[in-house]
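To keep things clear, I will list the structure first and then write my remarks on it.
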Amino acid sequence: MRFLETFFNGQVILNYLPDLVHAMGVTLGLAAATIVTGILCGAALACLRVAGLKVVNFFIIVFADIMRALPPLVLIMILFFGMSSLGLNLSGWTVIYIVLSLVLAAFSEEIFWGGLTSIPAGQWEAGRATGLSRAQTLFHITFPQAARRGIPPLVNRVLATTKLTALGSVIGVKEILSVSSSAQSFSGSATPLTMAAIAYLIIFIPAVILSHWIERRYHFAT
Amino acid sequence: MTKPRTMLEIAGLEKSFGEVQVLKSIDLKVQEGELVFVIGPSGSGKSTMLRCCNRLEEPTSGSIFIDGQRITDIPHRDLDRMRLKVGMVFQGFNLYPQMSVLKNVMLAQVKALKRSKAEAEARALEMLDQVGLKHKAGAMPAELSGGQQQRVAIARALALDPQVMLFDEPTSALDPELVGSVLKVMKGLREKGMTMLVVSHEMQFAREAADRVVFMDQGYVAEQGTPEEIFGAPKSERLKTFLSRVSHGDVEAEAD
């Protein structure tokens, strides 16, 4: 009984459910925005890297290395507290969105680039030999293959990055973890944290299932 | 009698990769409707020469003319248009694995030739029919045998209405029993008057179907002539050695 009382207190659940449902919306919105921005930017950077411009590629590599090396929390704190000292006040939501998008962009750039380098030269040659430009060959022939090869690591990275939305709790974004941990302080009950765990499962288990489906759907024999 | 039109002319072609000079001065002419076979030991520069003809490799010096137009000095931005005139078939087929057979044959028609989708599809089906694979239009490349994939690759090149077709060892990656179907398609093309330059080890096919055979060795055209001349009365020692090795089945060990 003590266990149920601690983790599944009915009254506490009723009190905080509306807040938590709202927080789920915030987490989902943040995750979706991050995924779209991060993957698109990563894909764009990988394609840009194909052009083989030395200076541009240098900056892409430096960007990808730094973003993958730094703990995201460090960037979040720098942007949130540092920028306000410069007079640039970014909301907590915006900071999380920017940092996680950059991190995901860096990882997905590396994943797409790795995929592109694994495409046999013959695919490029077949495209070019039929009169397609380099950009057309990239867009219609090699990138789609690279993207499919990148799906499994990309799915992992997307899940890992979107879970980091919980870092929003550090800078007051009203997402799942921050709402439930303040509810825990106010109520003195651990139940809101249980609710947070369940809320994350509700969001991420379908995401994991969806990812399996995507991996199967876009698998093709080579 | 009208003078036959020269479709492909190679003059003084040289190609080096770093310090290694692969082509040391190649001169070769292919008339309209002619099937010219290029044979020679591995490393003699056959494939490199072929790849210079649509500038997949940049020649180090020399000239190449396609239907009278010098293609060796056209700027990079005009390369794509030039390549539409030169069809190429690769040893490894290089079909696009994520697209159906039909889409493989349609892609460059739509994106490079700017044909409408309907027109490109009609043309693709016509070409697939010509190579005997119209019924496979909806299949994915991985579902086809090697011979079928190579025929699709031929259809993909033909759909762009090229003036010259280049074949880079088109049957070398095929199981022996599948070679015949590809050679049959090539024979059909010859009967339709397509100009073809073929690098291949299929000596029997060269005997039957080639108008002319060119023997390349160490970066030079060492000898050329009709199949009867080349196979029946080889002049140079090197060609004799090569032919005896090939006839003893050693060519596999030598093939690259």
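Could you say which residue among A:T191, A:T165 is among the hydroxyl-bearing types (S, T, Y), under 14 Å from the mean Cα position of the chain (by Cα) and at pLDDT 90 or above?
Details: A:T191 fails: under 14 Å from the mean Cα position of the chain (by Cα).
Answer to the selection: A:T165.
Pick from the stretch A:179-192 the residues that are farther than 11 Å from A:L20 by Cβ and of a type in the set (A, V, I, L, M, F, W, C): which of them is surrounded by the fewest Cβ atoms within 10 Å (Cβ to Cβ)?
Top of the filtered list is A:F186.
For the stretch B:32-48, name all the residues that are within 15 Å of the chain's Cα centre (by Cα) and either within 14 Å of chain A (Cβ to nearest Cβ) or surrounded by fewer than 23 Cβ atoms within 10 Å (Cβ to Cβ) (or both).
Once the filter is applied, which keeps residues that are within 15 Å of the chain's Cα centre (by Cα) and either within 14 Å of chain A (Cβ to nearest Cβ) or surrounded by fewer than 23 Cβ atoms within 10 Å (Cβ to Cβ) (or both), the stretch B:32-48 yields B:E32, B:G33, B:E34, B:V36, B:S47, B:T48.
Could you say which residue among B:V30, B:V22 is closer than 20 Å to B:R83 by Cβ and touching a residue at least 60 places away in the same chain (Cβ under 8 Å)?
Values: B:V22 fails: closer than 20 Å to B:R83 by Cβ.
Exactly one of B:V30, B:V22 is closer than 20 Å to B:R83 by Cβ and touching a residue at least 60 places away in the same chain (Cβ under 8 Å), namely B:V30.
Select, from A:F204, A:F186, the only residue that is touching a residue at least 12 places away in the same chain (Cβ under 8 Å), aromatic (F, W, Y) and more than 14 Å from chain B (Cβ to nearest Cβ). Don't jump to the end; show me each part of the working.
Numbers: A:F186 fails: touching a residue at least 12 places away in the same chain (Cβ under 8 Å).
Just a single option satisfies the conditions, and that option is A:F204.
In the stretch B:106-149, which residue that is within 12 Å of chain A (Cβ to nearest Cβ), outside any helix (DSSP H, G or I) and touching a residue at least 24 places away in the same chain (Cβ under 8 Å) is surrounded by the fewest Cβ atoms within 10 Å (Cβ to Cβ)?
Ranking the qualifying residues of the stretch B:106-149, first place goes to B:A139.
Among the residues of the stretch A:41-55, what is the count of those that are in contact with a Ser or Thr (Cβ under 9 Å, 6 or more places away or on another chain) and either farther than 30 Å from A:L116 by Cα or aliphatic (A, V, I, L, M) (or both)? Walk me through it before giving the result.
Just the residues of the stretch A:41-55 that are in contact with a Ser or Thr (Cβ under 9 Å, 6 or more places away or on another chain), to begin with: A:41-43, A:45-46, A:50.
Adding the requirement that they be either farther than 30 Å from A:L116 by Cα or aliphatic (A, V, I, L, M) (or both) leaves A:43, A:45-46, A:50.
Count: 4.
Which condition number does A:N9 fail, the rest of (1) within 21 Å of the chain's Cα centre (by Cα); (2) surrounded by 15 or more Cβ atoms within 10 Å (Cβ to Cβ) being met?
(1)
For the stretch A:123-153, name all the residues that are touching a Gly at 6+ places or on another chain (Cβ under 6 Å) and of a type outside the set (S, T, N, Q). Give the derivation first.
Looking only at the stretch A:123-153, we keep the residues that are touching a Gly at 6+ places or on another chain (Cβ under 6 Å), and these are A:137, A:141, A:146, A:149-150.
Hits for the stretch A:123-153 are A:I141, A:A146, A:R149, A:G150.
So A:I13 fits all but one of (1) touching an Asp or Glu at 6+ places or on another chain (Cβ under 9 Å); (2) under 21 Å from A:Y200 (Cα atoms); what number is the exception?
The number of the failed condition is (1).
Among (1) open to solvent by less than 50 Å² (accessible area, probe 1.4 Å); (2) over 17 Å from B:P97 (Cβ atoms); (3) within 12 Å of chain B (Cβ to nearest Cβ), which single condition is A:E109 missing?
Answer for A:E109: the failing condition is (3).
Which of (1) more than 27 Å from A:P206 (Cα to Cα); (2) without any contact (Cβ under 8 Å) to a residue 60 or more places away in the chain; (3) within 14 Å of chain B (Cβ to nearest Cβ) is the odd one out, the single condition A:T117 does not satisfy?
For A:T117, the exception is condition (3).
Quick check on the stretch B:49-81: of everything there that is more than 14 Å from every other protein chain (Cβ to nearest Cβ) and without any contact (Cβ under 8 Å) to a residue 40 or more places away in the chain, which residue is surrounded by the most Cβ atoms within 10 Å (Cβ to Cβ)? Explain how you work it out, then say what you get.
Pass one, the stretch B:49-81, residues more than 14 Å from every other protein chain (Cβ to nearest Cβ): B:49, B:59-65, B:67-70, B:72-73.
Those left that are additionally without any contact (Cβ under 8 Å) to a residue 40 or more places away in the chain: B:69-70, B:72-73.
Numbers: B:Q69: 11, B:R70: 12, B:T72: 18, B:D73: 7.
Ranking the qualifying residues of the stretch B:49-81, first place goes to B:T72.
So which of B:S145, B:S100, B:S181 ends up being over 22 Å from B:F205 (Cβ atoms) and in contact with a helix residue (DSSP H, G or I) (Cβ under 9 Å, 6 or more places away or on another chain)? Don't jump to the end; show me each part of the working.
Details: B:S145 fails: over 22 Å from B:F205 (Cβ atoms); B:S181 fails: over 22 Å from B:F205 (Cβ atoms).
Within the list B:S145, B:S100, B:S181, the selection yields B:S100.
List the helices (runs of 4 or more DSSP H) that sit entirely inside the stretch A:1-86 and contain at least 1 residues that are closer than 28 Å to A:P192 by Cα, aromatic (F, W, Y) and at pLDDT below 95. Please lay out each step first, then the result.
Values: elements: A:2-7, A:10-50, A:54-69, A:72-77.
Of the helices (runs of 4 or more DSSP H) lying wholly inside the stretch A:1-86, those with at least 1 residues that are closer than 28 Å to A:P192 by Cα, aromatic (F, W, Y) and at pLDDT below 95 span A:2-7, A:10-50.
For residues in the stretch B:82-98 being more than 7 Å from chain A (Cβ to nearest Cβ) and open to solvent by 20 Å² or more (accessible area, probe 1.4 Å), which is farthest from A:A147 (Cα to Cα)?
This residue is B:K85.
Quick one: which strands (runs of 3 or more DSSP E) sit completely within the stretch B:155-231 and have at least 2 residues that are β-branched (V, I, T) and open to solvent by less than 20 Å² (accessible area, probe 1.4 Å)?
Details: elements: B:164-168, B:195-199, B:212-217, B:220-225.
Of the strands (runs of 3 or more DSSP E) lying wholly inside the stretch B:155-231, those with at least 2 residues that are β-branched (V, I, T) and open to solvent by less than 20 Å² (accessible area, probe 1.4 Å) span B:195-199, B:212-217.
Out of curiosity, is B:K103 within 12 Å of chain A (Cβ to nearest Cβ), in contact with a Leu (Cβ under 8 Å, 6 or more places away or on another chain) and modelled with pLDDT of 95 or more? Spell out the reasoning first.
On the way: within 12 Å of chain A (Cβ to nearest Cβ): yes; in contact with a Leu (Cβ under 8 Å, 6 or more places away or on another chain): no; modelled with pLDDT of 95 or more: yes.
Here the answer is no, as B:K103 does not meet what is asked.
Across the stretch A:141-177, which residue is most open to solvent (accessible area, probe 1.4 Å) among those that are in contact with a helix residue (DSSP H, G or I) (Cβ under 6 Å, 6 or more places away or on another chain) and within 14 Å of another protein chain (Cβ to nearest Cβ)?
A:R149
The values are calculated or read from the model by the stated rules, or taken from the named source; none is laboratory data. Everything numeric here is computed off the predicted structure, so don't read it as measured data. Note that each Cβ is placed from the backbone with ideal geometry, even for glycine, and that neighbours are counted across all protein chains shown. Keep in mind that these areas ignore ligands, DNA and RNA; they rest on the heavy atoms of the full protein, side chains included. Shrake-Rupley method; radii C 1.70, N 1.55, O 1.52, S 1.80 Å.
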